[in-house]
Amino acid sequence: MKLNLKRPIVFFDLETTGMNVGTDRIVELTYLKVEPNGMETAKTIRINPEMPIPEFASKIHGIYDKDVKNCPTFVEIAKNIAKDIEGCDLAGYNSSKFDIPLLAEEFLRVNVDIDLKKHKFIDSMVIFYKMEQRTLSAAYQFYCGKELENAHSSEADTRATYEILLAQLEKYEELENSVDFLAKFSEQNPNVDYAGRIIYDDKGVEIFNFGRYKGSVVADVFRRAPSYYAWMMQGDFPLYTKKVITNIKLREKFKK
C-alpha cells in the first residue's frame, strides 16, 4: 500500500512535559516526511523545554532533565522545523487535540509565523476510534499484527502511526486513499482554534464549545458580556485561542 499524495505529508509525534497545551513544552519531536513518490526521511530532535520535566512525565517517555540539559531550545530550531513542514500535510495519533495545538503554541511563543491552518490534518486515532475504538498499542496490534515496542517514545509512536494509517487504508474499503478525504474523515469538530474551545456551527459561525456559554455565538457573548473576553485573555487558555477570540472581537468592532 502506498499513500496517494499530491504533496508531502509529515507524520509526527511529540513527547512533552505534560498535557496542558497552554503551559507545557516539547522535549522530543519526531517527524517522518513521506514524499508523493514514496521516499521517506525521518528526524528526531530532543529539545530543552526550559522548565523542569515532571517526574510523572519522565516515567512515561523516559526523558529526564539531564537528557535535555544540553539540547537546543525550541526558539533555536523553530524556523528549521517550520521550513521542514512547509508545503506539507500533517498526520499523527491524537494530533488534532494535542500535538498540533501544542506545536502551534510553541511557534507562537517564539514568534515564528506559520499558519498551520493551511495544512490538512489526518488523525489516525480518530479513524481508529470511529472504526474500532481502542488505544495506540492495541491499534498497532490490531492493524499491523505486531507489538509496539518502546511505546511512548516519539520515534516508535511516529512510525507506528504511519504503519497504522497504511493498514487502515488496506482494511476499510470505504476509506479513500486521498489526503483530502482522510483529513475530512478524521476531523472531530470544525474547530476554529486548535484546542477546540471555539468551533463553527452548521452555518459557519463561531460558537463556544465549553463553559457556561457553550453553543452560544462568540461575538454575541462578547457584546452582552465583555468581561468574558477579558476573563479568557487573562486565563490559562492557549495563545492561539486568545488570538482567535481577539480576531473575532476586532472584526465585530470594525463592523460598526
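Any read-out appearing in this document is the output of simple, stated calculations on the displayed coordinates, not a laboratory observation. Bear in mind the structure is a predicted one, so any value in this text is a computation, not a measurement. Counting neighbours? That spans all protein chains shown, and the Cβs are built from the backbone with ideal geometry, glycine included.
Numbers at a glance
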item: Extension gain from F56 to L116, taking 0.36 nm per residue of separation minus the Cα-Cα distance; result: 18.6 nm
item: Contour minus Cα-Cα distance for L239 and Y172 (0.36 nm per residue); result: 20.3 nm
item: Summed side-chain charge close to S216 - residues other than S216 whose Cβ falls under 13 Å, Lys, Arg +1, Asp, Glu -1; result: +2
item: Helix-only mean residue ellipticity at 222 nm for the chain, each DSSP H run of n ≥ 4 adding -39500 (n - 2.57), per residue, nearest 500; result: -12500 deg cm²/dmol
item: Cα centre as origin, Lys/Arg/Asp/Glu Cβ charges: the stretch 106-150 dipole, Debye; result: 180 debye
item: Range of Cα positions in the chain per principal axis (Å), largest first; result: 57, 47, 31
item: Tail beyond 13 Å, pair distance distribution of the stretch 133-193 (Cα, percent); result: 67 percent
item: Rg(Cα) / (2.2 N^0.38 Å) computed for the stretch 198-255, rounded to two decimals; result: 1.03
item: Enclosed volume per residue, in Å³, of the convex hull spanned by Cα atoms of the stretch 5-131; result: 117 Å³
item: Using alpha-carbon coordinates, inclination of helix 154-171 to the longest axis of the chain, degrees; result: 80 degrees
item: Kirkwood Rh in Å, taken over all unlike Cα pairs in the stretch 171-216; result: 12.1 Å
item: Dipole magnitude (debye, nearest 20) for the chain, charges at Cβ of Lys, Arg, Asp, Glu; result: 1240 debye
item: Three-way shape label, the stretch 90-202, alpha-carbon gyration tensor, a/c 1.5; result: oblate
item: Entries of K2/K83; K120/K253; K66/K117 with Cα pairs more than 27 Å apart; result: K120/K253; K66/K117
item: Under 12 Å from the Cα of K43 - aspartates and glutamates, other chains or at least 8 residues apart; result: D13, E28, D84, E155
item: Signed unit charges on C-beta, dipole axis of the stretch 198-255, positive-most listed residue I199, F254, T241; result: F254
item: Extreme residue, positive dipole direction of the chain, given options A160, F56, G87 (C-beta unit charges); result: G87
